[in-house]
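Q: Have a look at this one.
The values are calculated or read from the model by the stated rules, or taken from the named source; none is laboratory data. All values reported here derive from a predicted model rather than from experimental measurement. Note that we place each Cβ from the backbone using ideal geometry, even for glycine, and neighbour counts take in every protein chain shown. What goes into the accessible areas is simple: the full protein's heavy atoms, side chains included, and nothing from ligands, DNA or RNA. Shrake-Rupley method; radii C 1.70, N 1.55, O 1.52, S 1.80 Å.
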Amino acid sequence: MQSRILLVVALIAISVGLFGIFLSQKSESEAPVAKKEVLEKFVKIYVIAKANVEKGQVVQKSDFKILKLTEKQANDKGFDKDSLISFEQGSVYRNRMRRDDSVYSDSISQPNDSDYIDLILEENHIPYPIEVSPLSIVGGVINPGSYVDVLALAGVKGSQRDLVKSKREQVSISPILLNIKVLKANLKRGDSVKKSKIEEESFLILELDRQQVAILKVAENISKIEIHKSLGNYPASKLNADAGDVLPDFKAIKELRASKVAIN
C-alpha cells in the first residue's frame, strides 16, 4: 500500500515537471524576437542654391548647397554614392539650371572639355590661338577667364649687346590689344624642360573679334608678342616705351664722312 502511494506521488511529480517544461518551452517560443537595428544609408549631393544659373556662367562653390538623400531617393535621381563634384577654376554650366536642381558631373564643363570654348565665347567673337613663351608673360598666373593686354616689341634683332653697340635700330614696345579675355591657357613651366620645348607647347586662346584678329596677325609677323596680365583701367600710353626711355642718346647715329664726324 505504501509503495503504491509512493508510486502515485512519483507519477504526479513527474507529470508536474513535464508540464512545467512544456509551459516553459511554449513561453520561450512565443516570446518576441528582438529585431536587429538596420542603419539607413544616406547619399550627399549638390543642388543649386540660387534662383537659377545660366548656360556658360562660371561655376562658384557658393552656387551649391548639400542635400542628404536616402539611398532610395538618391537612386531615383540616378546617384549611387556621394556626388560632391570637384571642378577646376573657370568651369561653366552646360545648361540653365533652376533652384534645387540636382548637379551631375555632366552639368559642368571644365576648361579641358571639348565644348568649353563654345560655351564661353561671346557673340561675334572667335577663339584665336597664340603661341607664347612663359618668359614673355608678365603679371602672374593666367587662367581661363583672366584678362590680358597684348603688346608688340619691335626693333629687336640679334643680341642686346650688338644692338646697344651699333645704335642703329629703334626698339619700342606698344600695346595693340587691351583687356582681352583668355578662353584657355596651356603654359608649361619647369626648370627640367628645355626652353625650346616650353615655347613649343605653350599657348593661349584669346577671345577676339575680326578686326582684333587682323591686328594681331600682322603684329605676330613684324614683332615679338608680349602678354601682360591686365590690372584694371589705365591709359594705353602707360604701356608705351622706346629705347630713348632707357638710353637718352640711343637715337643718335654717328656718321663718318671723310675726316669729320656729323651727329644727326
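Q: Answer yes if at least one residue in the range 74-81 is open to solvent by 100 Å² or more (accessible area, probe 1.4 Å), of a type in the set (D, E, K, R) and either outside any helix (DSSP H, G or I) or over 27 Å from LEU39 (Cβ atoms) (or both), and no otherwise.
A: Within the range 74-81, one or more residues are open to solvent by 100 Å² or more (accessible area, probe 1.4 Å), of a type in the set (D, E, K, R) and either outside any helix (DSSP H, G or I) or over 27 Å from LEU39 (Cβ atoms) (or both).
Q: Could I ask something else about it? Looking at the range 29-52 only, could you name the residues that are of a type in the set (D, E, K, R), at pLDDT below 90 and not in a loop (DSSP other than H, G, I, E, B)?
A: GLU30
Q: May I pose another question? Of all residues in the range 82-98 being farther than 14 Å from ILE45 by Cα and in a loop (DSSP other than H, G, I, E, B), which is farthest from the chain's Cα centre (by Cα)?
A: Looking at residues that are farther than 14 Å from ILE45 by Cα and in a loop (DSSP other than H, G, I, E, B), I get ARG96.
Q: Against the condition modelled with pLDDT under 90, of a type outside the set (Asp, Glu) and surrounded by 12 or more Cβ atoms within 10 Å (Cβ to Cβ), how does ILE215 come out, does it pass?
A: no
Q: If you don't mind, there's one more thing I want to ask. State whether one or more residues within the range 105-119 are surrounded by 10 or more Cβ atoms within 10 Å (Cβ to Cβ), within 19 Å of the chain's Cα centre (by Cα), farther than 21 Å from LYS184 by Cβ and at pLDDT 90 or above.
A: No: the range 105-119 contains no residue that is surrounded by 10 or more Cβ atoms within 10 Å (Cβ to Cβ), within 19 Å of the chain's Cα centre (by Cα), farther than 21 Å from LYS184 by Cβ and at pLDDT 90 or above.
Q: Please find, among GLU169, GLU88, GLU131, GLU122, the residue that is at pLDDT 90 or above and surrounded by fewer than 17 Cβ atoms within 10 Å (Cβ to Cβ).
A: Just one listed residue meets the conditions, GLU122.
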